[in-house]
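A quick write-up on the structure given underneath.
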Amino acid sequence: MDRTERFYKIEKLLRQHTTVSFSDLQAALEVSRATLKRDLDYLRTRMNAPIEWSRAAGGYQFTAHAHPERASHELPGLWFSATEIHALLTMQHLLSHLDSGGLLTHHVAPLMSRLNALLGGADQEAAQVRRRVRIIGLAQRAVQPQHFQRVGTALVQRKRLALTYVARGTGDATEREVSPLRLVHYRDNWYLDAWCHLRRGLRNFAVDAITNAHLLDTPAKEVSDAKLDALFGPSYGIFSGKHIRWARLRFTPERARWVASEQWHPQQEGKLQSDGSYLLRIPYADHRELIMDILKHGTHCEVLGPSSLRQVVADEVKRMAEKYF
């Protein structure tokens, strides 16, 4: 049996019996003394298993109550589900990119060791998993760390922020005073939902488009989660708006096999047609992000309505044709 199987067998024996002698473990596993010692040491030091030798009982026991920090442990699995491997590698990636010597580095080092253990058991096995499985972040933009930290500080301390914000569409910079309400991580980028005192309304800001940020002593304006969700939650994408419209899209049979399995929005409505095509209906308030996702499907996606969305997409296609052809 391989090492993972031995780990599970050791765990099973110790749970089935109050005490198990070294010789009984060795006989059950059919391994050498040196191998069993290595297995026990690895389970204790790397997998956090509360296994201890009891001289009085003459064998090994689980003693979780003697070490509360070791009361909970898990053995490595033979493999992971899609969500598990994504979560593990994402956490490992985020932790590995912490600034060396930063405030969190010392505190997360034990967690990093634990993740490495879960990923493969031995260091070389964890490295093999990271080499063979990759998490790719698309369209990720760099965020100035000092601005992100100030945004986060204002958010939890409930203080206002003075921002210099550069609009993506025009490149114009404006000075804003905002009350930060919620940070959102969306498509590998960070956004701030806030009350903008300049515009006197709720606005969404890309954190990487903040070129300057200062914490103010003024208390932040409070807005209920229900109001935030009502503005930012019901429509497609990161852009918000009060007036919700419903896009009606038809995908060709070739692309339908992909789109029918995708979730574009929690409230979407989709239906496969008799000819193999797929009709998708989704709510949106701002067309900017939606048309990008429509256009990536090219001629495989037809906008059935509303007419305003059809016109926006047609105009964009025309501009692209004039530019490149």
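Among the residues examined, residue 255 qualifies as on the phi < 0 side of the Ramachandran plot, touching a helix residue (DSSP H, G or I) at 6+ places or on another chain (Cβ under 8 Å) and at pLDDT below 95.
Please report, ordered by residue number, the helices (runs of 4 or more DSSP H) entirely within the stretch 1-77 with at least 1 residues that are modelled with pLDDT under 85 and under 20 Å from residue 111 (Cβ atoms). Walk me through how you get there before you give the answer.
On the way: elements: 3-16, 22-29, 33-45.
Correct list: 33-45.
Within the stretch 245-265, the set of residues being part of a loop (DSSP other than H, G, I, E, B) and closer than 17 Å to residue 305 by Cβ comprises 264, 265.
Scanning the stretch 172-187 for residues that are under 29 Å from the mean Cα position of the chain (by Cα), part of a strand (DSSP E or B) and touching a residue at least 24 places away in the same chain (Cβ under 8 Å) turns up 178, 179, 180, 181, 182, 183, 184, 186. Just one residue in the set 290, 280 is within 21 Å of residue 185 (Cβ to Cβ) and surrounded by 18 or more Cβ atoms within 10 Å (Cβ to Cβ); that residue is 290. Among residues of the stretch 3-18 that are in contact (Cβ under 8 Å) with a residue 40 or more places away in the chain, none has a beta-carbon under 7 Å from a residue that is assigned to a helix (DSSP H, G or I) and exposed (fewer than 11 other Cβ atoms within 10 Å of the Cβ) at least six positions away or on a different chain. Candidates are the residues of the stretch 293-313 that are under 31 Å from the mean Cα position of the chain (by Cα) and part of a loop (DSSP other than H, G, I, E, B); the one that is surrounded by the most Cβ atoms within 10 Å (Cβ to Cβ) is 297. Condition check for residue 247 on (1) within 29 Å of the chain's Cα centre (by Cα); (2) surrounded by fewer than 17 Cβ atoms within 10 Å (Cβ to Cβ); (3) over 26 Å from residue 207 (Cβ atoms): one failure, at (2).
Based on what the data block shows, is residue 229 acidic (Asp, Glu), free of Cβ contacts under 8 Å to residues at least 60 places away in the same chain and not in a strand (DSSP E or B)?
Numbers: acidic (Asp, Glu): yes; free of Cβ contacts under 8 Å to residues at least 60 places away in the same chain: yes; not in a strand (DSSP E or B): yes.
So residue 229 passes the test.
Report yes if some residue within the stretch 206-225 is assigned to a strand (DSSP E or B) and either closer than 30 Å to residue 310 by Cβ or without any contact (Cβ under 8 Å) to a residue 12 or more places away in the chain (or both); otherwise report no. Yes: the stretch 206-225 contains one or more residues that are assigned to a strand (DSSP E or B) and either closer than 30 Å to residue 310 by Cβ or without any contact (Cβ under 8 Å) to a residue 12 or more places away in the chain (or both).
The values are calculated or read from the model by the stated rules, or taken from the named source; none is laboratory data. Owing to the predicted nature of the structure, the values given are computational and were not obtained by experimental measurement. For neighbour counting, all protein chains shown are included, and Cβ atoms are generated from backbone atoms with ideal geometry for every residue, glycine included.
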